[in-house]
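The values are calculated or read from the model by the stated rules, or taken from the named source; none is laboratory data. Because the structure is predicted, anything quoted here is derived from the model rather than measured. Neighbour counts are summed over all protein chains in view; Cβ atoms, including those assigned to glycine, are modelled from backbone coordinates with ideal geometry.
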Amino acid sequence: MGRASAETGGAAIRRRRFFTWRRLLGAFFGLCLLAMGAFFVIYLLVPVPSANAEATLQSNVYKFSNGKILARTGKVNREIVGLEKIPDDVEKTFVAAENKTFYEDSGVDVKGTARGLVNTVTGQGKQGGSTITQQYVKNYYLNQDQTVTRKLKELVISLKVDQQISKDDILAGYLNTSYYGRNAYGIQAAAQAYYRVDAEKLTVEQGAYLASVLQAPSQYDWSAAGPTGRTKVQQRWNYVLNNMVEEGWLGASERAGMTFPVPKEPKAAPGMEGQRGYIVEAANKELVEQGGITEAELKAGGWNITLNIDEKRQKSLEKAVKRRLEDNLDRKGSKVDATVQAGATSVDPKTGGVVALYGGVGATEHWLSNATRRDYQPASTFKPVVFASALENEARTQDGRLIGLDTVYDGTSRRPVVGSDVPFNPQNDLGISYDNPTVRTGLARSINSVFAQMIVDVGPKTAKRTGLDLGVPDGKDFTESPAASLGTMNASTWDMAGVYATLDNHGKKVTPSIVKSAERQGRAFERTNSPVGDQVISRQTADTVTEGLTGVVDNGSGFEANTPAFDAAGKTGTSENNKSAWFAGYTPELTTVVALFGERPDGSGQVSLTGTAQAGRANGGGFPARIWADYTKAALGGGSDARFDLDVADTVDPGGPAVSESPSEEPTESESPSDEPTESQSPSDEPTESQSPSDEPSTSESPSDEPTESQSPSDEPSDDGEPGDGDQSGGSGGADDGATGGDGGADPLGPLRP
């Protein structure tokens, strides 16, 4: 017993000797050194990685010209902004909320990290107390996993990042990578999501709310929070502002006057529905073609794109199409109405900016943009180009007379052109012939025989060169033949808006442009070519064409667009077999081209527009002219006092036959060589020259150019008046007004009203 007791006492003494304070302290320091050594090894072995894929994803933001957001694209709703675009006091709200010692610390919070490690190991939930640097590292370089390994990496990388990157860059990265709720990543997206403003316009109060909501985005979103959540976010908001006062970043008196800034209700981010998709598509195409930005760069996101699209004018265009066209169509009950596609492009002729665009019923229903598609003929809207070429090149008729507005031509329908190796004899609208019409009347009545002969007088090659200079696209269908006078090439409303804007701009080349500016992290969009270029035709040529086109609106085929609210010029166009109908018009301040296209519902081919809205032919002087007039009046704020300032060429040779061949009917000796007809027939759908330029022309008035044939101006020409297929090699065809009756007819839905 004694021996056992002695052995027990000896063991106790040995234990006491082994666990001395000195040995325990040494063991503790040894472990610390071991831990420090291990951490040093980890520090050396763990590099600062590349950014994770999610952190660099951004959306492209497209804005109206007034700065309001039109659309966002991309997987992640994020737009990275520099710290210089965030107010300094707003930056301080985040520092006050998350890390008051941010500007002095080494990037880590050892106690907070240790607490987080313990919580993670013991399964007690997420860590707390991370610095802004650590949260930035977690967002930008790592992920949101709650593991010991990830937390150790976060600690090491945070130390390195704090040494390698400035505090401002770390803060900017934190603000741009954090998730704020409402599908908003980064402060710019959050500012828009909660307050509908850009980050640079946030107030201190709003910044304090966004800094507060970061702690629990789903719980603290005011619109979704319950009473407890709202109380907590208000308490956190007060905490943030009080910290700012404590740090000297906010005056106490200013703080006392602040009230809680209730966020706006959530609103879905604008997508590609409606006209947005068409506009975004056009903008992306321009960025690639004019700015050298690759499609991959666009896809990467981060572009802040401001467009020339005017929000009010865009809405006005959409309303005009709805009121004048869509409300009159029965797309489900009528096979014809189901085929109708509308497109339009509106341009500021002084800047070239596309201020409004209509691509179709909606980009999610009909993705192909009717504003930019080039698979339809512009028809008679090309005739002014032929006249411009004649003026610019001082062309003469076959008998040597200089061509001008008052030059007389033979208006006989199906009259063979003279002086061409390629035979061509197009039919006029409804087969009607006119006695000695002037060029002015040829424009107003869209007389095919006048311009078929004129392009021969000018030379098809020369006319084509003028067309290309003005902006008509070059293509295999733009041939150098007499038939080109009737617009047999393909073009879009965008293209023709450029052509007519150039006329409107006194001959200075206008190339429509939808992008006003674009930037991405310091890189700016630099345009290859200016929207407004050189003088491509003389001012006198452009202005003389404009003078002629005012008659189209005043008392010609475009009279539906006539209104005393503004000064206007324009041209109608209806392609062969009524597959497309156009109105291209302009005022001194605005150029707009509207077109209808007949397209099979499955998009497999072109069909006739005849029967649209049970209204016979959908000619250029009908629906397109009405849409144009409604839109233009609204776009100009109800009207404009601006008038065309024109330098018109002197009147040239007002009398005599246009060519050596005699017209179909010779005028009597007492008949002046004017536009008067030889018969008394009065097509009911043609206005008179004496008709006042009001908003409501009467369809019963007689035109100044009476037909010489007895054919009734019905919706469809008779069998013997049907033209050919428009083959440019010659024949009687012509892809223009004469093919299905032209543009002169008044639409059954009535004239434009003020």
**Request:** Only residues in segment 387-409 that are part of a strand (DSSP E or B) count as the first member; pair them with residues that are surrounded by 24 or more Cβ atoms within 10 Å (Cβ to Cβ) and polar (S, T, N, Q), Cβ under 7 angstrom, at least 6 apart or cross-chain, and list the lot.
**Result:** V408/N436; V408/T438
**Asked** Which of the residues spanning segment 216-234 are loosely packed, with under 15 Cβ neighbours inside 10 Å and either under 35 Å from the mean Cα position of the chain (by Cα) or under 10 Å from G181 (Cβ atoms) (or both)?
**Response** S218, S223, A224
**Prompt:** Among the residues of segment 513-524 satisfying the criterion of being polar (S, T, N, Q) and surrounded by fewer than 19 Cβ atoms within 10 Å (Cβ to Cβ), which is farthest from T493 (Cα to Cα)?
**Reply:** Q521
**Fill in**
Residues of segment 413-437 being surrounded by 24 or more Cβ atoms within 10 Å (Cβ to Cβ), among the charged types (D, E, K, R) and either over 43 Å from the mean Cα position of the chain (by Cα) or part of a loop (DSSP other than H, G, I, E, B) (or both), in sequence order, are R415, D435
**Message:** Condition check: modelled with pLDDT of 95 or more and farther than 30 Å from I514 by Cβ. Does D89 satisfy that?
**Reply:** yes
**Prompt:** out of contact with any Ser or Thr (no Cβ under 9 Å at 6 or more places or on another chain) and surrounded by 21 or more Cβ atoms within 10 Å (Cβ to Cβ), is that true of L241?
**Reply:** no
**Request:** Determine if segment 229-237 includes at least one residue that is out of contact with any Leu (no Cβ under 6 Å at 6 or more places or on another chain), closer than 23 Å to F64 by Cβ, in contact (Cβ under 8 Å) with a residue 12 or more places away in the chain and polar (S, T, N, Q).
**Result:** no
**Prompt:** In segment 259-278, how many are crowded, with 17+ Cβ neighbours inside 10 Å, over 27 Å from the mean Cα position of the chain (by Cα) and hydroxyl-bearing (S, T, Y)?
**Reply:** 0
**Request:** Any chance you could count how many residues in segment 275-332 are closer than 26 Å to T612 by Cβ, in a loop (DSSP other than H, G, I, E, B) and touching a helix residue (DSSP H, G or I) at 6+ places or on another chain (Cβ under 6 Å)?
**Result:** 4
**Message:** Of everything in segment 530-550, what is buried (at least 19 other Cβ atoms within 10 Å of the Cβ) and either outside the structural domain of I447 (by TED's automatic domain parsing) or over 30 Å from E79 (Cα atoms) (or both)? Give them in sequence order.
**Reply:** V532, V536, I537, T541, A542, D543, T544, V545, T546, G548, L549, T550
**Odd one out for R527, checked against (1) surrounded by fewer than 24 Cβ atoms within 10 Å (Cβ to Cβ); (2) at pLDDT below 95; (3) in contact with a Pro (Cβ under 9 Å, 6 or more places away or on another chain)** = (3)
**Request:** Could you check, for segment 618-633, whether at least one of its residues is modelled with pLDDT of 95 or more, polar (S, T, N, Q), over 14 Å from T493 (Cβ atoms) and touching a Lys or Arg at 6+ places or on another chain (Cβ under 9 Å)?
**Result:** no
**Prompt:** Taking segment 628-643 as the search range and keeping residues that are outside any helix (DSSP H, G or I) and either over 14 Å from K315 (Cβ atoms) or not small (G, A, S) (or both), which one is nearest to the chain's Cα centre (by Cα)?
**Reply:** L636
